[in-house]
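Enquirer: First the structure, which I've put down as structure tokens, then a few questions once you've had a look.
The values are calculated or read from the model by the stated rules, or taken from the named source; none is laboratory data. From a predicted model like this one, the values you see are computed outputs, not experimental measurements. Here the Cβ is made from the backbone with ideal geometry for all residues, glycine too, and neighbour counts use every protein chain on show. Surface areas here come from the heavy atoms of the whole protein model, side chains and all, with no ligands, DNA or RNA. Shrake-Rupley method; radii C 1.70, N 1.55, O 1.52, S 1.80 Å.
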Amino acid sequence: MPKQTTDVDRLVGLRITALRKARGLSQTALGTAVGVTFQQVQKYEKGQNRVGAGRLREIARLLEVPVTAFFEDEEGGSQNDAFGFLGTQGAIELLRAYALIEDDQLRRDVLALVRTASKMGKQPAATAAAVPVAVPAVVAAASQAPAPEPDAVA
């Protein structure tokens, strides 16, 4: 009887996908690094094929995470939330851009802006427009800056 994949195999695959994308690696690059084809990486990521222990260890090393990152934690809490978030469209790009901000105050302001936007996104449109919102300093400064001069047309 052939071995069947399980929910754990699918979970491992989803996490390989999220971590691979977070590192900016293609399926081809990951496959080449661990000695398999990109098609095999696709099968791992879809949970169609099981990842052997040795290969999973090598993938973890390449992605710079512990092997345990591919499995559910005991409480099923924040690690699951983080992997769910990474599957959201634009999340990885947002994290990459945020990580490139060197100024601590600007980083705090960006976080405040995102939190404010998320609160506004949870409210009905009419209510959101009427609710006063604290605007981070960086946003207030940008809105008061003079508009750039339009390029002169020759």
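Enquirer: With a 1.4 Å probe and every protein chain left in place, tell me how much accessible area Val114 has, in Å² to the nearest 10.
Expert: Spelled out: Val114, probe radius 1.4 Å, area about 60 Å².
Enquirer: What are the ³J(HN,Hα) values, in whole Hz, obtained from phi via the Karplus relation 6.51 cos²θ - 1.76 cosθ + 1.60 with θ = phi - 60°, for each residue of segment 30-36 in sequence order, with x given for Gly and Pro?
Expert: 5, x, 4, 5, 9, x, 9
Enquirer: A follow-up question, please. Could you put Phe38, Phe70 in order of accessible surface area, largest first, with the 1.4 Å probe and the full protein assembly present?
Expert: Working: Phe38 85, Phe70 0 Å².
These residues rank, largest area first, as Phe38, Phe70.
Enquirer: Same structure, new question: Rolling a 1.4 angstrom probe over the protein chains, ignoring ligands and nucleic acids, what is the accessible area of Thr5 in square angstrom, nearest 10?
Expert: Thr5 has an accessible surface of roughly 40 Å² with all protein chains in place.
Enquirer: Within a Cβ distance under 11 Å of Leu62, other residues only, what is the Lys/Arg minus Asp/Glu net charge?
Expert: Neighbour charge sum, excluding Leu62 itself: +3.
Enquirer: Mind checking the per residue accessible area of segment 1-48 for me, 1.4 Å probe, whole number of Å²?
Expert: It amounts to 59 Å² per residue over segment 1-48.
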